[in-house]
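The values are calculated or read from the model by the stated rules, or taken from the named source; none is laboratory data. Remember, predicted model here, so these are calculated numbers, not experimental data. Note that we place each Cβ from the backbone using ideal geometry, even for glycine, and neighbour counts take in every protein chain shown.
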Amino acid sequence: MTQISILGCGWLGLPLAKALLKKGFAVKGSTTTFDKLETLKKEGIDPHQIALGDSLLADAMQHFLEGSEVLIINIPPSIITAGSDNYPAKMQQLIPHIEKAGIQKVLFVSATSVYADEDKEVPETTPANPDTESGRQILDAEKVLQTNPNFKTTVLRLGGLFGEERHPIKYLAGRENIANPNAPINLIHLDDCIGISLAIIDKEVWGEVFNGVMPNHPTREEYYCSQAKAMGLPLPKFNHSVPSVGKTIVTDKVVNVLGYTFSRV
């Protein structure tokens, strides 16, 4: 039975772990909080409490990675302002533990914020040029993992995440003066985040970069107003006085290389 370690069993990591268990994998999962260990255990996940930067990290990581063939890294940077975190350094901290455990395959959950917000289509061949501090740190973290010759890292750059009880319209409903009404949306449902991750692992596609967003891109105004109506929420109001700016993330590679079919379009 193949064993997989998931660093970060949060909103995406926990349901991904459950999906892997259903596929017959053994799963180790990490959380930063003691209280969540029992939750992971009840789901059949081997639970580990790990916080990067902890003085006991070496022992914790040894037990967490031991026996695993694949490491999934799903710990988004907690960045609000420049200098509040050093995400690349945290990834660098993982390197010796990955090497010591002999793991050859790493899946790094990244974000489409590594691309500049420009009016153009953005496939994976587009040079990453982030225009936010978070995007810059995520891109540097990608490089830390991708340039290491001792294992192969596949990067999955996800758009805005939604699913279950989480949807951006809940934060936009009733708001006014919202920017970029004609910009395209680049969202992805939780089911497809999991589906693409499973496809990467199943097809053994390592050392690659994939964009992960829904293949259709209605405008922000069109999409969020329709979602508000569907959920019975107040309509958001957009500002049309300033031209809209927004990239369109292209996901053809997910379809063509992985043979993946999106469940939410």
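Determine whether Leu107 is of a type outside the set (Ser, Thr, Tyr), in a helix (DSSP H, G or I), modelled with pLDDT of 95 or more and surrounded by 15 or more Cβ atoms within 10 Å (Cβ to Cβ). Judged against the criteria, Leu107 is not a match.
Out of all the residues in the range 217-225, is one or more within 17 Å of the chain's Cα centre (by Cα) and outside any strand (DSSP E or B)? Looking through the range 217-225, none of the residues is within 17 Å of the chain's Cα centre (by Cα) and outside any strand (DSSP E or B).
For the range 205-216, filtered to residues that are assigned to a loop (DSSP other than H, G, I, E, B) and either of a type in the set (Gly, Ala, Ser) or crowded, with 21+ Cβ neighbours inside 10 Å (or both), the residue that is nearest to the chain's Cα centre (by Cα) is Val213.
Ser5 satisfies every condition listed in (1) in contact (Cβ under 8 Å) with a residue 24 or more places away in the chain; (2) over 20 Å from the mean Cα position of the chain (by Cα) except (2). Taken residue by residue, the range 114-135 has no member that is touching a residue at least 60 places away in the same chain (Cβ under 8 Å) and under 12 Å from the mean Cα position of the chain (by Cα). The residue of the range 245-265 that is farthest from Ile200 (Cα to Cα), among those that are at pLDDT 95 or above and assigned to a loop (DSSP other than H, G, I, E, B), is Lys247.
If the condition is being buried (at least 17 other Cβ atoms within 10 Å of the Cβ), over 19 Å from the mean Cα position of the chain (by Cα) and either under 23 Å from Glu124 (Cβ atoms) or of a type in the set (Gly, Ala, Ser) (or both), then the range 159-204 contributes Ala173, Ala183, Pro184. In the range 217-232, which residues are buried (at least 17 other Cβ atoms within 10 Å of the Cβ), in contact with a helix residue (DSSP H, G or I) (Cβ under 8 Å, 6 or more places away or on another chain) and not polar (S, T, N, Q)? Residues satisfying the conditions are Tyr224, Ala228.
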